[in-house]
Amino acid sequence: MIKRGVENVSEYIILSNFHVNQKGNQQYFCFEDGERLVDSICNHKESPTAIFCNNDLTAIAIMYDLKQRGIRIPEDISIIGVDNNPFSYIIQPPLTSIDNSTAQIAKMATKILIEQITNNSNNVISYVKPSLVERKSVASIV
């Protein structure tokens with residue numbers, strides 16, 4: 001955003017309060033402030049053209065609330081998430097997401113941990129390249 005000349009970048013960052021609650025043996029996702037997030041987006045002095053969410057479940061919750069307000073995705077606003085959750089491709093429109101290769105990270109972490117335990121080895125720095133999974137929630141602005 002800074003490279004694009006957007007001033008006051010911090011006013012475009014809206015923090016969510018997404019978490020998982022436990023009731024007995026059941027877990028459920030909470031989007032306590034989902035409506036507040038969408039209110040912030042809709043009431044901003046300049047309507048955003050896109051929303052980047054830190055995870056797909058937050059993006060899906062925001063998509064739901066935007067649709068309830070008659071805001072079309074991606075015609076009125078584009079939305080993208082991170083983690084490529086399996087629900088991302090079954091919602092409408094299917095959510096564009098950044099796949100951070102969670103399975104590959106888990107395998108790599110397990111291998112490194114076993115290596116450190118068995119050989120008393122030092123810390124290792126590894127990288128996994130994320131990939132963009134393009135679906136239908138982002139409009140082209142070209």
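The values are calculated or read from the model by the stated rules, or taken from the named source; none is laboratory data. It should be emphasised that the depicted structure is a prediction, and the values quoted were computed from it without experimental measurement. Backbone-built Cβ (ideal geometry, glycine too); neighbour counts: all protein chains shown. Side chains included, ligands, DNA and RNA excluded: accessible areas come from the protein's heavy atoms. Shrake-Rupley method; radii C 1.70, N 1.55, O 1.52, S 1.80 Å.
So here's what we get for this one:
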read-out	value
The range 45-61, subset open to solvent by 60 Å² or more (accessible area, probe 1.4 Å) and polar (S, T, N, Q), residue farthest from ILE98 (Cα to Cα)	SER47
Some residue of the range 119-126 being closer than 26 Å to CYS42 by Cα and open to solvent by less than 100 Å² (accessible area, probe 1.4 Å)	no
Residue ID - surrounded by the most Cβ atoms within 10 Å (Cβ to Cβ), chosen from residues in the range 62-76 that are farther than 14 Å from TYR89 by Cα and touching a Ser or Thr at 6+ places or on another chain (Cβ under 9 Å)	ILE62
Those strands (runs of 3 or more DSSP E) lying entirely in the range 74-142 with at least 2 residues closer than 16 Å to LEU57 by Cβ	78-82, 96-99
Failed item, numbered, when LEU66 is tested on (1) in contact with a strand residue (DSSP E or B) (Cβ under 7 Å, 6 or more places away or on another chain); (2) outside any loop (DSSP other than H, G, I, E, B); (3) within 23 Å of SER40 (Cα to Cα); (4) not hydroxyl-bearing (Ser, Thr, Tyr)	(1)
Failed condition for ILE41, given (1) modelled with pLDDT under 90; (2) surrounded by 15 or more Cβ atoms within 10 Å (Cβ to Cβ); (3) farther than 20 Å from MET1 by Cα	(3)
Selection count, the range 79-127, where residues are in contact (Cβ under 8 Å) with a residue 24 or more places away in the chain and of a type in the set (Val, Ile, Thr)	6
